[in-house]
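In what follows, a single structure is set out as structure tokens and then discussed.
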Number of protein chains: 2
Amino acid sequence: MAQNCRFAFAVHVLSALALSEDGAMNSEQLAETVNTNPVVIRRLLLDLREADLLVTQRGPGGGAKLAHPAAQISLAQIFKAVSGEFQLFGEHPNEPAKACCVGRSIKTVLEGVAHKAAQCVEQEYAAISLADVVKQLQNN
Amino acid sequence: MAQNCRFAFAVHVLSALALSEDGAMNSEQLAETVNTNPVVIRRLLLDLREADLLVTQRGPGGGAKLAHPAAQISLAQIFKAVSGEFQLFGEHPNEPAKACCVGRSIKTVLEGVAHKAAQCVEQEYAAISLADVVKQLQNN
DNA sequence: CCAATTTGTAACATACACTGTTACTTAATT
DNA sequence: AATTAAGTAACAGTGTATGTTACAAATTGG
């Protein structure tokens, strides 16, 4: 459903930081392991910093490092930081016809459905920590 | 996450059919209540017919009607019919660097995460029937 | 059989979002 | 002061979605 890969990139970046020697990596190193452009990484870092998941440092020897231990960072936090709220499907782009009883309230009903599903996914993601991901990476 | 509104349109269309007088409506009538183009509706009808959720009829007096009672159609069936499998986030578009242990197995780990979340959403949607949606529409 | 109607389908237009890229500014270290 | 790296703006290229027109295929009723 989410067409973008920002969440995948973000988990990759944070895992790499968790596993790096001194805990810090710059955008060029991160871009290399993710296989993308450093600017794409820096844009991601801004969102992750905004969510208090990492800190950045300019200048020589700068880069990014985790703001908290990996066990205290959940996939739900990461997802929200880079992709906003959980949205499982697109809404009506045009307003449905109000003349029909379906058109009048379909959006409200679908919002309820989307909300329940989003809660379900959020719980699932909240139960998985970055440390869990790192552990799995090491066992592969 | 799903950027497209095919699921919303599909639920709308099927609800309208469930609530229609004689159980049948043509693509023009459906397009009017959804507020889109009849061809968009007909493309949707093809997928819903393929999934055995409705039947279509050409020629004068033709149109679409439900293939089963609304209580026997779940939102999970509708979702799969028009949007394919549940996919909660996009994967790496480019292959991550295999030199780093994160790059080597991040895709596998993320697949596992996506699978668990997808199961969770599917269960949620499977528990809601078209009849439930119609009931909510009538109470609004 | 003929005319009207409606689905089925191809082709294209338009809009939008996302990734990637270049180039430059700002800040921090030595 | 020079170097390094993040921050940021602007734009290119790609892909996907909705919407639209036009026509083919099938079905019904007279």
Notebook entry, point to check: When only residues in the range B:1-37 that are closer than 21 Å to B:L88 by Cα and surrounded by fewer than 18 Cβ atoms within 10 Å (Cβ to Cβ) count, which is farthest from DNA strand C (Cβ to nearest atom)?
Noted result: B:N4
Checklist line | Of residues in the range A:79-94 being touching a residue at least 12 places away in the same chain (Cβ under 8 Å) and more than 19 Å from B:V121 (Cα to Cα), the one nearest to the other protein chains (Cβ to nearest Cβ) | finding: A:H92
Checklist line | the range A:1-36: number of residues that are in contact with a helix residue (DSSP H, G or I) (Cβ under 9 Å, 6 or more places away or on another chain), more than 7 Å from chain B (Cβ to nearest Cβ) and assigned to a loop (DSSP other than H, G, I, E, B) | finding: 3
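Would you tally the residues in the range B:49-86 being assigned to a loop (DSSP other than H, G, I, E, B), open to solvent by 70 Å² or more (accessible area, probe 1.4 Å) and closer than 14 Å to B:S15 by Cβ? Can you show your working first?
The first filter runs over the range B:49-86 and keeps only residues assigned to a loop (DSSP other than H, G, I, E, B), leaving B:51-53, B:58-62, B:67-69, B:73, B:84-86.
Pick out the ones that are also open to solvent by 70 Å² or more (accessible area, probe 1.4 Å) and you get B:52, B:58, B:60-61, B:69, B:85.
Restricting the remaining residues to those that are closer than 14 Å to B:S15 by Cβ gives B:69.
So the answer is 1.
Kindly indicate whether A:L46 is more than 11 Å from DNA strand C (Cβ to nearest atom), more than 7 Å from chain B (Cβ to nearest Cβ), farther than 24 Å from B:A117 by Cβ and crowded, with 19+ Cβ neighbours inside 10 Å.
no
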Notebook entry, point to check: On the given criteria, is B:Q72 more than 14 Å from every other protein chain (Cβ to nearest Cβ), on the phi < 0 side of the Ramachandran plot and within 11 Å of DNA strand C (Cβ to nearest atom)?
Noted result: no
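For the condition more than 13 Å from DNA strand D (Cβ to nearest atom) and touching a Ser or Thr at 6+ places or on another chain (Cβ under 9 Å), what is the one hit in A:A8, A:A76, A:A99, A:A18?
Working: A:A8 fails: touching a Ser or Thr at 6+ places or on another chain (Cβ under 9 Å); A:A76 fails: touching a Ser or Thr at 6+ places or on another chain (Cβ under 9 Å); A:A18 fails: touching a Ser or Thr at 6+ places or on another chain (Cβ under 9 Å).
It is A:A99.
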Notebook entry, point to check: Restricting attention to the range A:98-122, which residues are more than 18 Å from B:Q136 (Cβ to Cβ) and either outside any helix (DSSP H, G or I) or at the interface with another protein chain (Cβ under 7 Å from one of its Cβ atoms) (or both)?
Noted result: A:A99, A:C120, A:V121
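So, A:V40, is that one outside any helix (DSSP H, G or I), over 25 Å from A:A114 (Cα atoms), near DNA strand D (Cβ under 10 Å from one of its atoms) and open to solvent by 20 Å² or more (accessible area, probe 1.4 Å) or not?
Numbers: outside any helix (DSSP H, G or I): no; over 25 Å from A:A114 (Cα atoms): yes; near DNA strand D (Cβ under 10 Å from one of its atoms): yes; open to solvent by 20 Å² or more (accessible area, probe 1.4 Å): yes.
So A:V40 does not fit the description; no.
Does A:E122 satisfy being out of contact with any strand residue (DSSP E or B) (no Cβ under 9 Å at 6 or more places or on another chain) and surrounded by fewer than 18 Cβ atoms within 10 Å (Cβ to Cβ)?
Numbers: out of contact with any strand residue (DSSP E or B) (no Cβ under 9 Å at 6 or more places or on another chain): yes; surrounded by fewer than 18 Cβ atoms within 10 Å (Cβ to Cβ): no.
Taking the combined requirement at face value, the residue does not satisfy it.
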Next item on the list: Mind listing whichever residues of the range A:125-140 are within 9 Å of chain B (Cβ to nearest Cβ) and surrounded by 19 or more Cβ atoms within 10 Å (Cβ to Cβ)?
Entry: A:Y125, A:I128, A:V133, A:V134, A:L137
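The values are calculated or read from the model by the stated rules, or taken from the named source; none is laboratory data. Predicted model only: the values in this text are computed from it and were never measured. Reconstructed Cβ throughout: ideal geometry from the backbone, glycine too, with neighbour counts over all protein chains shown. When the accessible area is computed, the model is the full protein with side chains, heavy atoms only, and any ligands, DNA or RNA have been set aside. Shrake-Rupley method; radii C 1.70, N 1.55, O 1.52, S 1.80 Å.
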